[in-house]
């Protein structure tokens, strides 16, 4: 039998490490005499048969009351740290979202806008923080872009089902070279059968 690695944790420090044994028998012997305040988290060796895993679990000396109390305190500390990190991440995300919304309110109104279109819901802005309305010119350009792609996939019995199109909403800058649509992507879907 190949060597066995066990994932263990020191209940005083919370530090996890690997404990290696040359055989199942030696791993089982150590598990039966497991040192106090060393918790066994499981077998770390990949591909260990279920029956071996079961035998090792049966050999494990259970935690005594003092060890269980220490384990509970350790888990409470870990959960508190996890909650604190999650709260900090949420605060940072909220601050970033607010900064983005503020930046969008003062950004150039004629900058390109990203429009999301679906065949069943129509158009909306990709960025919910973008306060602009989709202009008539932008709507017209997006629909023309979609209809052109409908023609591309029509022979396969498909049509555009979902599209994201970047479009100039107002006056065209020189960089646009007369093209209102700056770019886009689309996903085709099966088109409904044509009425005969």
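The values are calculated or read from the model by the stated rules, or taken from the named source; none is laboratory data. If you're wondering where the values come from, they're calculated on a predicted model, not measured in any experiment. Every residue, glycine among them, receives a Cβ derived from its backbone with ideal geometry; neighbour counts consider all protein chains shown.
Counting just the residues of the stretch 31-43 that are part of a loop (DSSP other than H, G, I, E, B) and crowded, with 16+ Cβ neighbours inside 10 Å, which one comes out nearest to the chain's Cα centre (by Cα)? Break it down into steps so the answer makes sense when it comes.
Our first condition is that a residue be part of a loop (DSSP other than H, G, I, E, B); within the stretch 31-43, this holds for 33-37.
After this cut, where a residue has to be crowded, with 16+ Cβ neighbours inside 10 Å as well, the list is 34, 37.
Working: 34: 39, 37: 36 Å.
Taking the candidates together, the pick is 37.
Does residue 134 count as in a helix (DSSP H, G or I), under 30 Å from the mean Cα position of the chain (by Cα) and either surrounded by 12 or more Cβ atoms within 10 Å (Cβ to Cβ) or at pLDDT below 95 (or both)?
no
Out of the stretch 56-85, which residues are within 19 Å of residue 2 (Cβ to Cβ) and surrounded by 16 or more Cβ atoms within 10 Å (Cβ to Cβ)? Walk me through it before giving the result.
So in the stretch 56-85, the residues within 19 Å of residue 2 (Cβ to Cβ) come out as 56-57, 59.
Correct list: 56, 59.
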Let me confirm something: among 141, 95, which residue is loosely packed, with under 15 Cβ neighbours inside 10 Å, without any contact (Cβ under 8 Å) to a residue 60 or more places away in the chain and farther than 18 Å from residue 161 by Cβ? 95
